């Protein structure tokens, strides 16, 4: 039996994605009956490898090759199933095509999927009409997301994003010794504050009938402006005018507010106004529990800790040192320590109100 490219790369000390050459990409598509005309464009993606390809029949598709060992096939298929539910509910999401009876295929040691290519531009988040429209869109996603839980995918929690990230960084000595003690101490203080929020600590939202608990549902999970494509109302598009998300790669169980807070920016007054507009749209389709607003700063803190661990865990991927040359220095970790201190203060303030 011959070795797969990913096995060969590991044996040679190379990262698995270094074996994902344009020829392998084209051959992978050919294995599911899609034949490119030679035009291949690498799209921006650090976690996976994503390519736009023109096919011989004139169609344009996007092929996504999943990072090996990140998600299991079952976890990827849950993402695909969620996308299919959204599309069946006429929510303008972009899901993978079914090829040879499957949405997830394998070639050369890689799992991959293929989706239609959809264009769009970044949303104008300073436009109240755009924010309100996105709020309506998120409510529709959450209505579908609340219908059933993920089974294989992990939940967004203190343990998965915070404690495991902190422990991995320390165990692998990623924090320089001269700043390690200070960072670890502040990180622990931040995690202790987050633990006071039951749903993030895993102690709420699990039992039916717990009306006082924050309800967890299937989320987009990484709802920042870069993951939204906006199609103007005066431009015909098969995805429909308005917003659509193109990436459910980080979908998991969590509180609804997780898909709202990353769309807020500026000072407290600006964020309060943006949140109010988002919720005006959201509550046209679905009610929102205002108690979840107290989770915004804890969620921001978890993302901050998890982001450092994400960079460190990916450092053997040549793409990361090239694009994040500032990561890992003493100055970086001093900055992270200060940001965690700022987050501790933010978590102790009154939450946003809308």
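The values are calculated or read from the model by the stated rules, or taken from the named source; none is laboratory data. In this text the structure is predicted, and so the values were computed from the model without any measurement. Methodologically, a virtual Cβ is constructed for each residue, glycine included, from the backbone with ideal geometry; neighbour enumeration extends over all protein chains shown.
Residue 50 meets all of the listed conditions (1) crowded, with 18+ Cβ neighbours inside 10 Å; (2) at pLDDT 95 or above; (3) over 17 Å from the mean Cα position of the chain (by Cα) but one, namely (3).
Of the conditions (1) out of contact with any helix residue (DSSP H, G or I) (no Cβ under 7 Å at 6 or more places or on another chain); (2) in contact (Cβ under 8 Å) with a residue 40 or more places away in the chain, residue 332 clears all except one; give me its number. Of everything listed in (1) out of contact with any helix residue (DSSP H, G or I) (no Cβ under 7 Å at 6 or more places or on another chain); (2) in contact (Cβ under 8 Å) with a residue 40 or more places away in the chain, residue 332 misses just condition (2).
Of the residues examined, residue 178 is one that is farther than 20 Å from residue 144 by Cβ and either at pLDDT below 85 or in a helix (DSSP H, G or I) (or both).
Within the stretch 18-53, the set of residues being touching a strand residue (DSSP E or B) at 6+ places or on another chain (Cβ under 9 Å) and part of a helix (DSSP H, G or I) comprises 19, 22, 24, 25, 26, 27, 28, 29, 30. Please indicate, with yes or no, whether at least one residue in the stretch 206-217 is at pLDDT 85 or above, in a loop (DSSP other than H, G, I, E, B) and crowded, with 20+ Cβ neighbours inside 10 Å. Checking the stretch 206-217: at least one residue is at pLDDT 85 or above, in a loop (DSSP other than H, G, I, E, B) and crowded, with 20+ Cβ neighbours inside 10 Å.
Hey, can you tell me all the residues within the stretch 278-303 that are farther than 11 Å from residue 352 by Cα, part of a helix (DSSP H, G or I) and over 23 Å from the mean Cα position of the chain (by Cα)? 280, the sole residue that qualifies. Could you tell me whether residue 185 is under 23 Å from residue 349 (Cα atoms), more than 25 Å from the chain's Cα centre (by Cα), surrounded by fewer than 14 Cβ atoms within 10 Å (Cβ to Cβ) and modelled with pLDDT of 55 or more? Yes: the conditions hold for residue 185. Entry remark, the stretch 306-354: residues being over 30 Å from residue 20 (Cα atoms) and part of a helix (DSSP H, G or I) number 18 in total. Of the residues making up the stretch 228-244, those that are touching a strand residue (DSSP E or B) at 6+ places or on another chain (Cβ under 6 Å) and at pLDDT 75 or above number 5.
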